[in-house]
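One structure is given below, encoded as structure tokens.
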Amino acid sequence: WGPPGTGKTTLARILSREFGADYFELSAISSGVKQVREILQKGKDSFNNGKRSILFIDEIHRFTKSQQDALLHAVEEGSITLIGATTENPSFEVISPLLSRCRILRLYPLSEIELENVLKRAMVNDILLIQRNLKLDEKAKILLLESCGGDARKMLNTLELSVSLHTEENPRLTKEDIQEALQQKHIIYDKAGD
């Protein structure tokens, strides 16, 4: 669990790729018990054939008690490896029997060094940024890194929006471009108001 843009979904995808597991991804917002049971059956079939399966549930804290209960047997028998992502403390949002079968990993907002690594990778690997031959001046980069609150997704979305403000070839983004893209800073509070 952790704040937005800290790599919860990315981490699940990396793990499934590293372990060569079948990978199923659901959003708790748009999925029901029927979909969960279908995936659990696929996971059981794969398990019986010697293959592992990972079920990633985004926003797992939004699953109802009955939806969470449906996961218990498969998690216990090991036919599915459950990775649930949430921005809420799972101790309050996930049922105790499911929590007792899981390991909780807490992710924290990314540091500026980590964000800078994400930014460098995007500048080198993102096909659209490469095609535009984008340049980012130092003040723009500093503002971009400082304004996203440790959220890599917000940083990349702000960069993308900043780039869209330019129609010329070889754009050079300035601090003003980043400010225009940001327009207002979003502050995230937890339930306690912190």
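The values are calculated or read from the model by the stated rules, or taken from the named source; none is laboratory data. All values derive from a computational prediction rather than experimental measurement. For neighbour counting, all protein chains shown are included, and Cβ atoms are generated from backbone atoms with ideal geometry for every residue, glycine included. Each accessible area value is taken on the protein alone, full model and side chains, heavy atoms only, with ligands, DNA and RNA left out. Shrake-Rupley method; radii C 1.70, N 1.55, O 1.52, S 1.80 Å.
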- Inter-residue pairs, beta-carbon under 8 Å, first of a type in the set (Ser, Thr, Tyr) and in the stretch 45-68, second in a strand (DSSP E or B), 6+ apart: 46/22; 46/53; 53/22; 53/23; 53/24; 53/81
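Where residues in the stretch 99-109 are in contact (Cβ under 8 Å) with a residue 60 or more places away in the chain and of a type outside the set (A, V, I, L, M, F, W, C), which of them is least open to solvent (accessible area, probe 1.4 Å)? Before you say what the answer is, go through the steps one by one.
If we filter the stretch 99-109 for residues that are in contact (Cβ under 8 Å) with a residue 60 or more places away in the chain, which is where we start, we get 104-109.
Next cut, of a type outside the set (A, V, I, L, M, F, W, C) only: 106, 108-109.
Details: 106: 123, 108: 134, 109: 71 Å².
Here the answer is 109.
Tell me yes or no: at least one residue of the stretch 142-154 is more than 22 Å from the chain's Cα centre (by Cα), surrounded by 11 or more Cβ atoms within 10 Å (Cβ to Cβ) and among the basic types (Lys, Arg). Break it down into steps so the answer makes sense when it comes.
Kept after step one, since they are more than 22 Å from the chain's Cα centre (by Cα), are these residues of the stretch 142-154: 142-143.
Checking which are surrounded by 11 or more Cβ atoms within 10 Å (Cβ to Cβ) leaves us with 142-143.
Pick out the ones that are also among the basic types (Lys, Arg) and you get none.
Taking every residue of the stretch 142-154 in turn, none turns out to be more than 22 Å from the chain's Cα centre (by Cα), surrounded by 11 or more Cβ atoms within 10 Å (Cβ to Cβ) and among the basic types (Lys, Arg).
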- Hits in the stretch 2-45 - residues which are among the polar types (S, T, N, Q) and over 13 Å from the mean Cα position of the chain (by Cα): 16, 30, 31, 35, 41
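Which members of the stretch 155-187 meet the condition of being part of a loop (DSSP other than H, G, I, E, B), within 24 Å of the chain's Cα centre (by Cα) and of a type in the set (S, T, N, Q)?
The first filter runs over the stretch 155-187 and keeps only residues part of a loop (DSSP other than H, G, I, E, B), leaving 165-171, 174, 183-187.
Keeping just the survivors that are within 24 Å of the chain's Cα centre (by Cα) gives 183-187.
Correct list: 183, 184.
For residues that are hydroxyl-bearing (Ser, Thr, Tyr) and over 21 Å from residue 128 (Cα atoms), scanning just the stretch 142-194, find the one that is modelled with the highest pLDDT. Give the derivation first.
First pass over the stretch 142-194, keeping only residues hydroxyl-bearing (Ser, Thr, Tyr): 147, 158, 162, 164, 167, 174, 189.
When the remaining residues are screened for being over 21 Å from residue 128 (Cα atoms), the result is 147, 189.
On the way: 147: 93, 189: 49.
Among them, the one singled out is 147.
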- Starting from the stretch 22-37, keep only residues that are over 16 Å from residue 11 (Cα atoms), then list their pairs with residues that are open to solvent by 80 Å² or more (accessible area, probe 1.4 Å) whose Cβ atoms are within a distance under 7 Å, requiring at least 6 positions of separation or different chains. 28/62; 29/62
